[in-house]
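The values are calculated or read from the model by the stated rules, or taken from the named source; none is laboratory data. This structure is a prediction, so every number in the text was calculated from the model and none was measured. Cβ placement follows ideal geometry from the backbone for every residue including glycine, while neighbour counts extend to all protein chains displayed.
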Amino acid sequence: MTSHGSDTYEAIRASGEPTLEKSQQQIDHLFNVSLNIAVTGEAGVGKSTFINAYRGLKDDDEGAAETGVTETTTEPTPYNHPTIPNVVLWDLPGVGTPNFKTKTYVKKIQMDRFDFFIIISSARFKENDLILAKDIQKRKKRFYFIRSKIDNDIDNEKKKKTFNKEKTLSEIKKDCQESLKELGDPPVFLINSDNLSEFDFEKLVSTLNSELPEHKQYALLQSAPVTSVAMLEKKVDMFKKLIWAAAVVSGGIAAAPVPGLSFACDTAIVMSFFTRCYHAFGLDDRSLKKLSERVNKPELKNLEKAPLLKELAASSAVRMGGSAVGEFLCSLVPVAGNIAAATISFTMTRDILQNGLNMLADEARGVLREAGLEQ
């Protein structure tokens with residue numbers, strides 16, 4: 001075995017047995033961990049529109065949450081993310097509606113199933129919002145306040161000769177925080193669901209990402225829409241950190257002398273990884289169409305990226321197939337052969353994932369440049 005191979009194996013072995021277990025857990029979390037987001041507020045404040053925007057849908061798209069100025073949500077209703085199905089946004093009835101009175105609200109919505117709550121208002125937050133927040137606090141759950149329809153406020157204020165955008169936003173936020181002061185001055189995020197790249201959406205995602213457990217962060221960052229280069233780079237960094245875990249799992253599997261096992265498992269890991277990157281980076285047709293409409297550049301809808309994913313699949317399969325035979329032959333030799341097989345698989349998987357991730361990230365950066373969002 002080469003010196004490079006020995007060094008690679010020693011790097012894997014140095015972290016001890018828990019490394020493989022932790023790596024397997026991290027990969028499982030990447031693909032399978034659930035994230036249940038509860039969205040609540042009074043009728044007409046924009047709950048459903050926010051849910052649709054997060055999921056990359058318009059209010060009239062198939063599968064979109066039902067919207068309206070009257071209460072359209074009569075039961076907690078789950079909406080799976082279109083490409084990350086383990087992320088679910090729940091449209092909850094507002095507190096204090098006839099069927100969900102304040103005293104029985106917490107019990108009826110089964111609060112414990114949600115990871116955190118988003119409480120939305122299109123004006124000042126009201127007594128029912130405060131009551132709900134206090135109940136959430138008692139159960140040691142997190143909640144976040146969103147002030148919606150900020151674009152409407154800006155448009156109305158523009159009519160005034162003394163209009164100042166930053167001052168207007170500051171006054172809106174201050175007014176909201178005044179109504180929430182008995183909760184200890186919690187942050188309020190200003191959101192325009194028609195264009196999430198405006199105002200505080202990315203601050204909201206950053207805050208959630210800093211406060212969620214690590215395994216829940218994987219689900220959040222994958223599902224959050226790409227609203228800027230900064231958001232894209234957060235996603236890229238997350239996938240980079242997980243490449244080591246995927247490679248360690250690949251090496252562990254390769255050490256077992258079972259014909260075809262390493263190739264089958266590596267193929268599943270690599271293609272699942274690339275597919276998640278592809279959707280998380282907004283390279284699928286639905287995301288490109290949504291982006292083209294948002295920035296008013298119809299040509300973006302014609303940037304087909306599906307062939308890139310197929311090209312990655314084909315080239316990766318060839319490389320993994322070539323190494324699979326060598327891995328199996330090495331694994332037949334006790335101890336030293338197993339080490340060699342693990343090293344070959346670890347190195348191959350790591351290199352394939354790094355190259356593929358770089359390629360997909362570069363494509364996504366190119367799309368953002370075309371959209372005029374490179375800054």
- Query: Considering V205, V188, which residue is crowded, with 20+ Cβ neighbours inside 10 Å and within 30 Å of F273 (Cα to Cα)?
  - Reply: V205
- Any chance the stretch 325-347 includes a residue that's more than 19 Å from the chain's Cα centre (by Cα) and at pLDDT 75 or above? yes
- Task: Scan the stretch 208-240 residue by residue and report those that are exposed (fewer than 15 other Cβ atoms within 10 Å of the Cβ) and among the hydroxyl-bearing types (S, T, Y).
- Result: S210
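State yes or no: is E127 exposed (fewer than 15 other Cβ atoms within 10 Å of the Cβ), farther than 21 Å from K47 by Cα and among the acidic types (D, E)? Walk me through how you get there before you give the answer.
Working: exposed (fewer than 15 other Cβ atoms within 10 Å of the Cβ): yes; farther than 21 Å from K47 by Cα: no; among the acidic types (D, E): yes.
No; evaluated as a whole, the condition is false for this residue.
Looking at the stretch 78-92, is at least one residue modelled with pLDDT of 80 or more, more than 27 Å from K134 (Cα to Cα), assigned to a helix (DSSP H, G or I) and not charged (D, E, K, R)? Explain how you work it out, then say what you get.
Taking the stretch 78-92 and keeping what is modelled with pLDDT of 80 or more, we get 78-92.
Subset that is more than 27 Å from K134 (Cα to Cα): 80-86.
Cutting the leftovers down to assigned to a helix (DSSP H, G or I) gives us none.
No - not one qualifying residue is present in the stretch 78-92.
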- Task: Just name the residue that is farthest from L35 (Cα to Cα) out of those in the stretch 141-161 that are over 23 Å from the mean Cα position of the chain (by Cα) and surrounded by fewer than 17 Cβ atoms within 10 Å (Cβ to Cβ).
- Result: K161
- Determine if the stretch 152-170 includes at least one residue that is touching a residue at least 24 places away in the same chain (Cβ under 8 Å) and closer than 30 Å to K103 by Cα. no
- Selection count, the stretch 206-234, where residues are free of Cβ contacts under 8 Å to residues at least 60 places away in the same chain and touching a Pro at 6+ places or on another chain (Cβ under 9 Å): 1
- Please tell me if S122 is touching a residue at least 12 places away in the same chain (Cβ under 8 Å), assigned by TED's automatic domain parsing to the domain that holds K101 and of a type in the set (S, T, N, Q). yes
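Let's see how each residue does on (1) of a type in the set (G, A, S); (2) over 14 Å from F125 (Cα atoms); (3) out of contact with any helix residue (DSSP H, G or I) (no Cβ under 6 Å at 6 or more places or on another chain):
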| site | (1), (2), (3) |
| --- | --- |
| Y144 | no, no, yes |
| R147 | no, no, no |
| I150 | no, yes, yes |
| S170 | yes, yes, yes |
| F189 | no, no, no |
- Query: Taking the stretch 93-122 as the search range and keeping residues that are at pLDDT 85 or above and farther than 12 Å from A38 by Cα, which one is surrounded by the most Cβ atoms within 10 Å (Cβ to Cβ)?
  - Reply: S121
